[in-house]
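**Student:** One structure coming up, written as structure tokens, with questions to follow.
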Amino acid sequence: MSFVVALSSGLAAEIGLLPEYVRPDPFGGVVAADAEAGVKPSAHQVLDAARGGYVSCHVVVAIPREQAGAYALEVSGPLPVDLYREWFHRLRASQAYYPDALIPVRSPYRSRLPEPDNVIPNQTAQSFWLDIWTPPDAGAGERTITVSLTAGKEVRRATITVRVLGALTPAADVVTMDHNSYGTSWLSAQYPSLAARGGLRFHLSGEFFALIHSYHRLFYEHRGVFHQLGYGHGGKVGPEFAPRLAGTGKTKRIADWTLYDQHYGPLLDGSAMAGTRRGQAPIPFVYLPINPEWPASYVWWDEPGYEREFVNVVSQMERHFREKGWTRTKFEMFFNHKKRYKAFDWDGDETRFPDDFPYFREYARLLKLAVPADSPVQFVYRADVSWQMERQFRELASAINFWVCGGGMFGWNAGYAAELRRRGHIVWTYGGTPPVESSASSITLEVLRPWILGIDGFVRWQTVQSGPDPWFHFDGGGETMVYPGDRFGLDGPLASIRLKLERNALQDLALLDSFGTRRSPETLRAEAARRYNGTLPRDWRAPRPALAETDPLEWSNASIEEAIPRDARFEKLAPGAWQRVRDYALELAREVQP
């Protein structure tokens, strides 16, 4: 689908508005993945909003090629707004342009077309993402946001009517969206200017920790969680992820908390989130540095010395966390190694061999020895499971209380969810991130799925690797939802359009779930599934395949893939699929009296 923003004739420049699920291209059209929506820009939009949430849209400035030149864009109105210039990424494979990275800009924004830094030949349109915030204490009623474009002597305007409803978006999410990453070595590569200013002292400097905190804060502001695993497959822990140890055997102890507290203190007491619209709060989850080689040396495994070292150090950690008041975060003991990496002789991650189960039971025993039963500090034991998922649910239920499950395989094991949650266990699934050339609603699939299945959350396994050149030779963004701000002089990450779409879906889902006292949860789920992609809740589970009745030791990646059914209703989502779910939530919200 292609269009020219032609709201009037004879003008050098025009302005139009598009809904959030229709992404523009730099030539006055819509990206191929969203063209099916059949939506054209308009000079006016009406957006309904519950209090305590965001409404968003694209603003498109179009200037004919023969009249290209300077322009200014200004946003005004009675509600807080955030304006971002959308960066058009050139995809390496197709050479198509897709907007995703969002560069914060001030209003009025002044530039020219073609945009000098995006360097797009024959660019005739520039798009912007507009976030409009409705504070929790906003009164119900209509507000008007005006977007003004000045180009030469011409001034054009578009308006957004925000109808603030009486309903309040819950602050807490019903689904945890987790954004995973590994270590911190990538920070120096993605922030060369910041690293150069810090020189050899950049790593572990105040600026370094501030940069880490900025990632946590950005994901938090978008109703998400940021996870950083601080150790490698061989057990080496980065100094910023663990307190410094000293001694051996019965003298093994924590000698210095300085770097750990500098890194985690503001995250665990919530001060790193001060000044956000969501308010100050501690991070809800964090990896512990515990692995087979830390805090106890694996050379002592199955000897009394291993137990002594483990219990000494973990007991100190519990006391330190308790004394600091860090009791609102779940501290995860998690093993990320596999025996094929040749560091340890058992699989901690995605365990394939039942002979490895005793290791999990032993670590559960050690953790119980180290942490008092009445401790207010929340230690949890997490396992990421796939091959032996079903057997682990049965045989390790007394050891593990936090399950992160391979998404496709969990489809035929979803029946265990209710029992696991009755035990008080946390259940997430994990998978990848849709690239930008997927339809706009694709990023919302794993927001809705956990809620439909009655589980707690979803992990996007890698979310900060944007690639060596995401700006001009982009690989699609399947391993990132944020971009380094270094190119634009910013010492922190940039949000993406996909992250904004995910955030808006999370707030819609929290709102929809809040009506569970007026509609049965089953009714809410059934109606959301129907509107989203014409399914029933049972369609979100996979039928049990014949493979599940065979020994997992005989499985292969190919046979697992073949056992997961293909359903076009989930593989090809309409760009506006989530908008239909939002409309349902808003229908119920309109019934709430201010």
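The values are calculated or read from the model by the stated rules, or taken from the named source; none is laboratory data. Everything quoted here is computed from the prediction, not taken from an experiment. Neighbour counts run over all protein chains shown; Cβ positions are idealised from the backbone, glycine included.
**Student:** Looking only at the stretch 537-553, which residues are out of contact with any helix residue (DSSP H, G or I) (no Cβ under 6 Å at 6 or more places or on another chain) and either without any contact (Cβ under 8 Å) to a residue 40 or more places away in the chain or closer than 17 Å to Thr169 by Cα (or both)?
**Tutor:** Hits for the stretch 537-553 are Arg538, Asp539, Ala546, Glu549, Thr550, Asp551.
**Student:** Considering each of Val147, Val61 in turn, give the residue that is more than 30 Å from Leu509 (Cβ to Cβ), crowded, with 22+ Cβ neighbours inside 10 Å and out of contact with any helix residue (DSSP H, G or I) (no Cβ under 7 Å at 6 or more places or on another chain).
**Tutor:** Just one listed residue meets the conditions, Val61.
**Student:** Here is a follow-up. Restrict the check to the stretch 151-174 and report whether at least one residue is under 29 Å from the mean Cα position of the chain (by Cα) and more than 21 Å from Asp583 (Cα to Cα).
**Tutor:** no
**Student:** Could you check, for the stretch 535-556, whether at least one of its residues is among the β-branched types (Val, Ile, Thr), surrounded by 14 or more Cβ atoms within 10 Å (Cβ to Cβ) and assigned to a helix (DSSP H, G or I)?
**Tutor:** Taking the stretch 535-556 first, the residues among the β-branched types (Val, Ile, Thr) are 535, 550.
From what's left, surrounded by 14 or more Cβ atoms within 10 Å (Cβ to Cβ): 535.
Checking the rest, the ones that are also assigned to a helix (DSSP H, G or I) come to none.
So far as the stretch 535-556 goes, no, none of its residues is among the β-branched types (Val, Ile, Thr), surrounded by 14 or more Cβ atoms within 10 Å (Cβ to Cβ) and assigned to a helix (DSSP H, G or I).
**Student:** Arg544: of a type outside the set (Gly, Ala, Ser) and either touching a Ser or Thr at 6+ places or on another chain (Cβ under 6 Å) or closer than 21 Å to Thr429 by Cα (or both), yes or no?
**Tutor:** So Arg544 fits the description; yes.
**Student:** Enumerate the pairs (first residue in the stretch 228-249 and touching a residue at least 60 places away in the same chain (Cβ under 8 Å) and not assigned by TED's automatic domain parsing to the domain that holds Phe344; second residue anywhere and surrounded by 19 or more Cβ atoms within 10 Å (Cβ to Cβ) and assigned to a strand (DSSP E or B)) with beta-carbon separation below 9 Å, excluding pairs fewer than 6 apart on the same chain, so at least 6 apart or on different chains.
**Tutor:** Pairs that qualify, where the first residue is touching a residue at least 60 places away in the same chain (Cβ under 8 Å) and not assigned by TED's automatic domain parsing to the domain that holds Phe344 and the partner is surrounded by 19 or more Cβ atoms within 10 Å (Cβ to Cβ) and assigned to a strand (DSSP E or B): there are none.
Yes or no, residue by residue, for (1) at pLDDT 95 or above; (2) assigned by TED's automatic domain parsing to the domain that holds Ile426; (3) touching a strand residue (DSSP E or B) at 6+ places or on another chain (Cβ under 7 Å):
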residue	(1), (2), (3)
Ser181	yes, yes, yes
Tyr191	yes, yes, yes
Ala196	no, yes, no
Gly199	no, yes, no
His203	no, yes, no
Glu207	yes, yes, no
Ala210	yes, yes, no
Phe219	yes, yes, yes
His222	yes, yes, yes
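**Student:** Something else about it: Restricted to the stretch 68-127, and to residues that are closer than 23 Å to Lys500 by Cα and among the basic types (Lys, Arg), which residue is surrounded by the fewest Cβ atoms within 10 Å (Cβ to Cβ)?
**Tutor:** The extreme case among them is Arg106.
**Student:** Looking at Gln280 and the list (1) among the polar types (S, T, N, Q); (2) under 17 Å from Ala210 (Cα atoms); (3) in a helix (DSSP H, G or I), which single condition is not satisfied?
**Tutor:** (3)
**Student:** Related question: Go through Asp302, Asp349, Asp374 for me and flag whichever is part of a loop (DSSP other than H, G, I, E, B) and at pLDDT below 95.
**Tutor:** Numbers: Asp349 fails: at pLDDT below 95; Asp374 fails: at pLDDT below 95.
Among Asp302, Asp349, Asp374, only Asp302 is part of a loop (DSSP other than H, G, I, E, B) and at pLDDT below 95.
**Student:** Which one of the conditions (1) among the β-branched types (Val, Ile, Thr); (2) at pLDDT below 95; (3) surrounded by 18 or more Cβ atoms within 10 Å (Cβ to Cβ) does Val30 fail to meet, given that it meets all the rest?
**Tutor:** Tallying (1) among the β-branched types (Val, Ile, Thr); (2) at pLDDT below 95; (3) surrounded by 18 or more Cβ atoms within 10 Å (Cβ to Cβ), Val30 fails exactly one: (2).
**Student:** Looking at Leu73 and the list (1) more than 30 Å from Asp486 (Cα to Cα); (2) modelled with pLDDT of 95 or more, which single condition is not satisfied?
**Tutor:** Status for Leu73: all satisfied but (1).
**Student:** So, restricting to strands (runs of 3 or more DSSP E) that lie completely within the stretch 394-485, which ones have at least 1 residues that are under 18 Å from the mean Cα position of the chain (by Cα), hydroxyl-bearing (Ser, Thr, Tyr) and within 18 Å of Glu332 (Cβ to Cβ)?
**Tutor:** Qualifying strands (runs of 3 or more DSSP E): 426-431.
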